[in-house]
Amino acid sequence: MQYLRSLVFYLCMIASAAILGPFSFLLLPASFNVRYRFLTMWAQMNLWCLEKLCGLRYEVEGRENIPQQNGIIFCKHQSAWETLALQQIFPPQTWLLKRELLWIPFFGWGLAMLGSIGIDRKSGTEALSKLVDQGRDRLRRGLWLVIFPEGTRIAPGVQAKFHKGGSILAVKSGYPVVPVAHNAGEYWARRSIVKQPGVIKVVIGQPIDTQGRKASEVNRLAEEWMHDTMRRITGENYQQQMLAPPVKQAAVGEANRP
């Protein structure tokens, strides 16, 4: 039964993207705020369907830690769920992601319309330079910037070393880093259709001030917080294991395909 419910949920995701996608092009001349409100309806609709069809909802701890000033979100990456939920938890935002995602019909085009920063994961220094330049631009425009510093989806119970790109941007721009931990991967597993019922725990940490700090220190503080928080919300399932980032992605963390 849960498999069938999950399959219906995926059909709803595809159908809603096909319906909203063509209308989004009519909003190209509109302001960013208008485009954002319209396009993020897709995330809102699918989170509602996820709860009603699959019995999967979420609760947030630490909303009071979201500062008035925009900043850089360092989020745990376990599934596609967080790419939807962050849009409902934080103010208007854009994302760092691999550029291939921008080529996906409707889904990728919507990401492009919202100012996402698409990078070539193999370009190294060029990707880092693009992140810093375009990241500063998005932050100055008042947007939050979502970065998955582990660089790829990591299985529940494991933590990977953070890439340095996000912390370099944070130090160079002076904007704070807000760490976010969650256990969505326990319910929305990678490469699995079935979505398990339950309550995803999301924890928002206190902002990390980047003024006068080195990128390595910002990463260390964020990693330590993530490690301690993930151990708390996953309990005995958490492993004392730190995976090194892949060599080709050593500079810049990014979002992956849902």
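Looking across the stretch 81-115, the residues that are among the β-branched types (V, I, T) and either over 13 Å from V146 (Cβ atoms) or not in a helix (DSSP H, G or I) (or both) come down to T94, I104. When we screen G55, G21 for residues that are surrounded by fewer than 17 Cβ atoms within 10 Å (Cβ to Cβ) and either in contact with a Lys or Arg (Cβ under 9 Å, 6 or more places away or on another chain) or farther than 22 Å from P92 by Cα (or both), the only hit is G55.
Scanning the stretch 11-56 for residues that are at pLDDT 90 or above and either touching a His at 6+ places or on another chain (Cβ under 7 Å) or aromatic (F, W, Y) (or both) yields F32, Y36, F38, W42, W48. Cβ-Cβ below 7 Å, separation at least six or inter-chain, first residue in the stretch 1-29 and more than 29 Å from V194 (Cα to Cα), second β-branched (V, I, T) and part of a helix (DSSP H, G or I): which pairs? Filtered contacts from the stretch 1-29: L27/V34. Taken together, K52, K98 contain a single residue that is on the phi < 0 side of the Ramachandran plot and either among the acidic types (D, E) or within 15 Å of the chain's Cα centre (by Cα) (or both), which is K98. Scanning the stretch 156-199 for residues that are of a type in the set (G, A, S), closer than 23 Å to L131 by Cα and over 17 Å from the mean Cα position of the chain (by Cα) gives S173, G174. With the structure loaded, tell me whether E51 is touching a strand residue (DSSP E or B) at 6+ places or on another chain (Cβ under 9 Å) and assigned to a strand (DSSP E or B) or whether it fails that test. Answer is no for this residue. Among residues that are crowded, with 23+ Cβ neighbours inside 10 Å and in contact (Cβ under 8 Å) with a residue 60 or more places away in the chain, G135 is included.
Would you check if I89 is β-branched (V, I, T) and loosely packed, with under 14 Cβ neighbours inside 10 Å? Spelling it out, it is not the case that I89 is β-branched (V, I, T) and loosely packed, with under 14 Cβ neighbours inside 10 Å. Yes or no: F106 among the aromatic types (F, W, Y) and under 12 Å from the mean Cα position of the chain (by Cα)? Taking the combined requirement at face value, the residue does not satisfy it. Residue count for the stretch 116-132, restricted to those that are out of contact with any strand residue (DSSP E or B) (no Cβ under 9 Å at 6 or more places or on another chain), modelled with pLDDT of 90 or more and either farther than 14 Å from I147 by Cα or surrounded by 21 or more Cβ atoms within 10 Å (Cβ to Cβ) (or both): 1.
For the stretch 156-168, enumerate the residues that are surrounded by 20 or more Cβ atoms within 10 Å (Cβ to Cβ), within 30 Å of E186 (Cβ to Cβ) and aliphatic (A, V, I, L, M). The answer is A160, and nothing else. The number of residues in the stretch 175-193 that are surrounded by fewer than 22 Cβ atoms within 10 Å (Cβ to Cβ) and touching a Leu at 6+ places or on another chain (Cβ under 9 Å) comes to 1.
If you go through the stretch 140-155 and keep only what is under 16 Å from the mean Cα position of the chain (by Cα) and either over 26 Å from A184 (Cβ atoms) or not aromatic (F, W, Y) (or both), you end up with L143, L145, V146, I147, P149, E150, G151, T152, R153, I154, A155.
The values are calculated or read from the model by the stated rules, or taken from the named source; none is laboratory data. These numbers were taken from a predicted model, which means no experiment stands behind them. Here Cβ is always computed from backbone atoms with ideal geometry, including for glycine, and neighbour counts include all displayed protein chains.
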